[in-house]
Amino acid sequence: MSTPERAGTAEAPAAQNPFTPTEDQAQLRQAIRSFAAREIAPNVMRWDEASEFPVDVVKKLGQMGLLGILVPVEYGGVGLSYVDYVLAIEELSAVDGSIGIIVASHNSLCTNHIFLAGNEDQRRRYIPRLASGEWLGAWGLTEPGSGSDAGGARTTAVRKGDRWVLNGNKTFITNGSHAQVAVVIAATDKSQGTRGLSAFIVEKGTPGFRPGRKENKLGLRASDTSELIFEDCEIPAENLLGKEGEGFIDSMRVLDGGRISIAALALGIAKGAFDAALKYTQERHQFGKAISEFQGIQWKLADMATQLDAARLLTHRAAVMKDNGQKTTLESAMAKLHSSETAVRICDEAVQLHGGYGFIKDYPVEKFYRDVKLCTIGEGTSEIQRMVIARELLRK
Ligand SMILES: Cc1cc2nc3c(=O)[nH]c(=O)nc-3n(C[C@H](O)[C@H](O)[C@H](O)COP(=O)(O)OP(=O)(O)OC[C@H]3O[C@@H](n4cnc5c(N)ncnc54)[C@H](O)[C@@H]3O)c2cc1C
């Protein structure tokens, strides 16, 4: 009788730890780290205070391939995996969450929706421009009267010959006033509820389409969060994205991927805050020693590091499943819920560990603390994630 082989013995090679970055991933991470240290870190507080959108850096991110990270090479992207994407968003967000959300919305909402639901003409027209960063993308689902209840969208699209005519307002749209192209969800048949919602591609400069108010925000202030206004905006019939009546269903599929990127955004911001706190507690002396020598401080650091890793594992699980082509509604919602709530707690603790210095803008944790809150709100609040998780559990 043969004995089963055990991993790690001479007979069987040790299984590769899926959470150890490959050589390519380590290189990607290093390239982003160097870029962020050179091009982003020196400007973070200036952009934040002026609410300045970092146009030049976004162009350079396009040149690096980070605006087409998930797009297959034949459509002009770099064709990397969701795990690579998570690593990239985490690295960028550890330096500036604003950059993280700009890149995440562009990739996993706008570009992914066009890639997922678009026909070949639409893919060929839009994806290469988005992937190269020539065009920035936005994605408009939320309206003033419908946020969590996204199916209640009131923006309308009415068919008129070979055109669709859009009327209504979208609110809180990331990249809204800088995007050259937006995917917009509108009601084509109000009597059908969510099955009467359809998606459309709208290009900047189309008569009747304009960005409205740019929001003045608590955090992520260098990112652009704007209204999109449609007043008798006529677009060609071929700009219907996906099938008529399937815009909401496709949006939920898009959000399954998007929520992984918000989990990564949260991880990055929390990592930035944790690294700053780890360093600070070793430098700050009270009662004649570094505060890191007090057990009360060490336990906080231990909890923060453990919680951060647990959140990262959940996020990577969702990303690995996405790469395997599996449905991730449950796992994406769990990753988003846990990572964002954990990240808020870590950033809070990082400020606490800085004492009064955590409350002033000379130290980076003040900004991490403001930025991180969006993660429990955007792409579905924590309450909505719990609803999604419970629905998936009860369905089984
Ligand atoms: C910086 C930023 C960027 C954003 N980017 C985009 C974007 O690019 N595209 C886009 O379409 N949207 C975007 N959003 C919108 C975002 O997704 C919504 O703000 C979010 O979904 C919540 O909607 P709401 O703000 O209308 O809150 P509401 O839906 O009004 O919720 C208010 C509160 O009620 C709770 N609540 C609602 N319903 C329930 C329920 N059934 N059970 C329990 N609690 C409930 C919520 O959890 C929340 O705590 C962005 C928002 C921000 C702030």
What the Cα atoms of the stretch 206-295 span along the principal axes, largest first and in whole Å, is 72, 28, 13
Relative to the compact-globule estimate 2.2 N^0.38 Å (N residues), the Cα gyration radius of the stretch 161-204 stands at a ratio of 1.27
Rounded to the nearest Å, the spacing of the alpha-carbon centers of the stretch 333-374 and the stretch 194-249 is 31 Å
Per the rule of 0.36 nm per residue minus the C-alpha distance, extending residue 293 to residue 50 adds in nm 83.6 nm
Per-residue ellipticity at 222 nm attributable to helices in the chain (runs of n ≥ 4 DSSP H, -39500 (n - 2.57) apiece, nearest 500 deg cm²/dmol) works out to -15000 deg cm²/dmol
Taking the stretch 186-247, the equivalent ellipsoid from its C-alpha gyration tensor has semi-axes in Å, biggest first, of 26, 16, 11
Packing-ranked peptide list from 330-342, 70-82, highest mean Cβ count within 10 angstrom first, is 330-342, 70-82
Ranked from fewest to most other Cβ atoms within 10 Å of their own Cβ, 279, 367 fall in the order 279, 367
Straight-line reach check, residue 204, cutoff 20 Å on alpha carbons, 8 or more apart in-chain or any other chain, hits among lysines -> 59, 170, 214
Net charge (Lys, Arg +1; Asp, Glu -1) of residues whose beta-carbon lies under 13 Å from that of residue 308, residue 308 excluded, is -2
Computed from the beta carbon distance with a Förster radius of 45 Å, FRET efficiency for residue 22 and residue 216 to the nearest 0.05 stands at 0.60
At the level of C-alpha centres, the distance separating the stretch 19-84 and the stretch 149-171, in angstrom, is 34 Å
Computed on Cα atoms, the radius of gyration and Dmax of the stretch 243-344 in angstrom are 18.3, 69
Mean-square fluctuation maximum in Gaussian network of the chain, Cα pairs under 10 Å, restricted to 182, 343, 31, hits 31
Fewest-first ordering of 224, 232, 362 by Cβ atoms within 10 Å yields 362, 232, 224
With T = 4 °C, eta = 1.567 mPa s and Kirkwood Rh from C-alpha pairs, the Stokes-Einstein D of the stretch 61-135 in µm²/s is about 108 µm²/s
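Sort 135, 164, 299 so the one with the fewest other Cβ atoms within 10 Å of its own Cβ comes first.
Least crowded to most crowded, the residues run 299, 135, 164.
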Answer in debye to the nearest 20: the dipole magnitude of the chain about its Cα centre, from +1 Lys/Arg and -1 Asp/Glu charges placed on Cβ, is 460 debye
Per residue convex hull volume, Cα only, the chain, in Å³ is 177 Å³
Other residues with Cβ under 11 Å from the Cβ of residue 117 give, with Lys and Arg +1 and Asp and Glu -1, a net charge of +1
Between the modelled labels at residue 377 and residue 323 (7 Å from Cα along Cα→Cβ) the distance in nm is 3.3 nm
The stretch 93-202 -> Rg/Rh from Cα coords, Kirkwood Rh, value 0.99
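Read the figures in this text as sums done on the coordinates, not as results from a lab. Small disclaimer: the values here were computed from a predicted structure and weren't measured. Please note: Cβ atoms are built from the backbone with ideal geometry, for glycine as well, and neighbour counts cover all protein chains shown.
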